[in-house]
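Heads up: the structure comes next, in structure tokens.
Throughout, read-outs are computed from the coordinates displayed, never taken from laboratory work. The structure displayed is predicted, hence computed values, not measured ones. We place every Cβ from the backbone using ideal geometry, glycine too, and count neighbours over all the protein chains shown.
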């Protein structure tokens, strides 16, 4: 899926199916959450999550308020709600 930003001049951001699952699963959780919680909710092995989480952080959909804890940014919440 492609996330189209409302702002002019911003690039479209492409997400993998797994990244979409992570964002949607996190929308239904009390945040911040650990990767093991995301793994349980999505079925994605926890060993596979680190690169997907890193990519979502780089794209601006997640941030880490504490070590090994993650929560949605405003952009992540907006995407998960769509």
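A few notes on this one:
- Scanning region 20-63 for residues that are surrounded by fewer than 17 Cβ atoms within 10 Å (Cβ to Cβ), in a helix (DSSP H, G or I) and touching a strand residue (DSSP E or B) at 6+ places or on another chain (Cβ under 7 Å) yields 27, 57.
- The set of residues in region 67-82 that are surrounded by fewer than 13 Cβ atoms within 10 Å (Cβ to Cβ) and either in contact with a helix residue (DSSP H, G or I) (Cβ under 9 Å, 6 or more places away or on another chain) or under 19 Å from residue 39 (Cα atoms) (or both) comprises 67, 68, 81.
- Of all the criteria given as (1) in contact with a helix residue (DSSP H, G or I) (Cβ under 6 Å, 6 or more places away or on another chain); (2) within 16 Å of residue 81 (Cβ to Cβ), the one not satisfied by residue 28 is (1).
- For residue 64, the conditions (1) without any contact (Cβ under 8 Å) to a residue 24 or more places away in the chain; (2) touching a helix residue (DSSP H, G or I) at 6+ places or on another chain (Cβ under 8 Å) are fulfilled apart from (1).
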